[in-house]
1. For region 84-98, name all the residues that are surrounded by 14 or more Cβ atoms within 10 Å (Cβ to Cβ) and either under 14 Å from the mean Cα position of the chain (by Cα) or not in a strand (DSSP E or B) (or both).
2. Return only the number of the condition from (1) without any contact (Cβ under 8 Å) to a residue 40 or more places away in the chain; (2) in a loop (DSSP other than H, G, I, E, B); (3) farther than 18 Å from Asp124 by Cβ that Thr197 does not satisfy.
3. Report whether or not Leu114 is within 28 Å of Gln192 (Cβ to Cβ), surrounded by 21 or more Cβ atoms within 10 Å (Cβ to Cβ), touching a Phe, Trp or Tyr at 6+ places or on another chain (Cβ under 9 Å) and among the aliphatic types (A, V, I, L, M).
4. So which residues in region 223-247 are surrounded by fewer than 24 Cβ atoms within 10 Å (Cβ to Cβ) and either part of a loop (DSSP other than H, G, I, E, B) or in contact with a His (Cβ under 9 Å, 6 or more places away or on another chain) (or both)?
5. With the requirement that a residue be in contact with a Phe, Trp or Tyr (Cβ under 7 Å, 6 or more places away or on another chain) and either under 14 Å from Ala173 (Cβ atoms) or part of a loop (DSSP other than H, G, I, E, B) (or both), what does region 266-282 give you?
6. May I ask you to list the residues in region 283-297 that are in a strand (DSSP E or B) and surrounded by 17 or more Cβ atoms within 10 Å (Cβ to Cβ)?
7. What is the one condition in (1) out of contact with any strand residue (DSSP E or B) (no Cβ under 7 Å at 6 or more places or on another chain); (2) exposed (fewer than 14 other Cβ atoms within 10 Å of the Cβ) that Glu80 does not satisfy?
8. Return the only residue of Thr197, Thr174 being out of contact with any Ser or Thr (no Cβ under 6 Å at 6 or more places or on another chain) and polar (S, T, N, Q).
Amino acid sequence: MRRRLRTRGVLPTAVALSVLALTAGGVDASAGASSTGRSQIRAPREFSGITWLATAEAGDGEEPQQIFLVCHDARDDYAERDLPRLSIVRTPVDTDGIIVEELDVAFPSVPNDLESIARVPGRDEALLVESNADGTDPDPTIYLARWDEDLDIEIAGAVPWPRTPEPLVNVEATAVTTVRGRDYFVYAERAQGSDTTRINMTRLWIGRGGGIEFGRRWVSVSFTAPEPPDARPASGMDIDSRGNVYVSSAFDPGDLGPFDSAVYRAAVVRPGGPIGARLRPVRPPEELARSSGLKVEGVALVDGALPMFISDDDEDYGGLLRQLRVTRPGGGT
């Protein structure tokens with residue numbers, strides 16, 4: 001049930017730096033030289049979902065290093081069954097770029113298309129959420145991951161997706177928020193082919209033994225992504241400690257792009273209503289960032305507040321991690 005495996009860094013060579021500019025990510029430190037004497041450099045695998053884990057102490061005058069857990073959307077098929085589903089990604093401490101450590105974590109079943117991670121506020125645990133893969137997964141699962149002070153990850157529980165207020169098709173955006181001591185699960189369909197989706201919320205209970213239960217009542221609001229055109233309106237999500245719901249939208253024409261993305265403050269969670277918390281839409285949605293050329297599939301806040309980071313699944317170009325220059329929650333950029 002423990003993690004630990006292959007570590008990826010960036011080779012400090014002219015070749016590495018030129019490739020880094022193209023892939024916007026780290027490379028495989030274990031890659032050797034080719035028969036022509038050139039370094040073999042591989043971009044990190046796609047980052048389909050992300051959540052913040054911890055902040056590492058920094059030296060004098062240095063930025064603290066942020067540590068994230070990311071998931072990879074590998075399928076349960078012959079080609080991808082044995083690929084790692086999780087990695088730990090650390091922000092750069094020098095010009096070598098991000099550090100990616102693929103994890104060997106034991107799951108009770110082979111995860112199929114993990115597309116999002118929803119951390120439980122104030123606790124060292126998160127939900128790892130299968131998307132349903134356009135309705136092709138007969139039993140989509142939500143796993144409970146927990147970690148210790150050494151960031152050793154284990155799977156503490158698993159449960160099928162609950163009955164949802166609309167047909168479950170393909171979910172890439174999930175989050176957990178806490179209101180007056182009660183936890184709530186929030187999700188939105190990616191809604192391929194439409195500029196509008198619905199943000200849905202219900203009660204959530206997580207037991208000490210790893211049991212997961214969802215409420216039967218849901219509250220929902222609509223969200224329409226103004227940009228980019230023809231995008232998936234919900235490709236990632238996180239919620240800050242003030243209840244602001246941040247959603248990324250992404251345009252994906254194929255494995256080689258060109259991609260386009262934006263991040264919005266889409267809704268606000270407030271106390272009250274039939275389930276103890278309610279959703280209020282932000283109209284019009286507040287655009288916080290535009291990421292032309294990138295496919296944003298994850299949004300992560302540091303301990304429920306700024307700074308805000310995005311993770312990318314740029315398909316054949318690999319994964320990317322970037323900090324957004326958002327100046328205040330619910331404010332400008």
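1. In the first step, residues of region 84-98 are kept if they are surrounded by 14 or more Cβ atoms within 10 Å (Cβ to Cβ); the result is 84-93, 96-98.
Matches in region 84-98: Pro84, Arg85, Leu86, Ser87, Ile88, Val89, Thr91, Pro92, Val93, Asp96, Gly97, Ile98.
2. Only one criterion in (1) without any contact (Cβ under 8 Å) to a residue 40 or more places away in the chain; (2) in a loop (DSSP other than H, G, I, E, B); (3) farther than 18 Å from Asp124 by Cβ is unmet by Thr197, namely (2).
3. Numbers: within 28 Å of Gln192 (Cβ to Cβ): yes; surrounded by 21 or more Cβ atoms within 10 Å (Cβ to Cβ): yes; touching a Phe, Trp or Tyr at 6+ places or on another chain (Cβ under 9 Å): yes; among the aliphatic types (A, V, I, L, M): yes.
Criteria met by Leu114.
4. Narrowing region 223-247 to residues surrounded by fewer than 24 Cβ atoms within 10 Å (Cβ to Cβ): 224, 226-230, 240-244.
Hits for region 223-247 are Pro226, Glu227, Pro228, Pro229, Asp230, Asp240, Ser241, Arg242, Gly243.
5. Within region 266-282, Ala266, Ala267 qualify.
6. Step one: list which residues in region 283-297 are in a strand (DSSP E or B), which gives 283-290, 296-297.
Within region 283-297, Pro285, Leu288, Ala289, Val296, Glu297 qualify.
7. Condition not satisfied by Glu80: (2).
8. Values: Thr174 fails: out of contact with any Ser or Thr (no Cβ under 6 Å at 6 or more places or on another chain).
The match here is Thr197.
The values are calculated or read from the model by the stated rules, or taken from the named source; none is laboratory data. Predicted model, so just to flag it, every value in this text is computed and none were measured. When we count neighbours, we look across all protein chains shown, and the Cβ atoms used for this are built from the backbone with ideal geometry, even at glycine.
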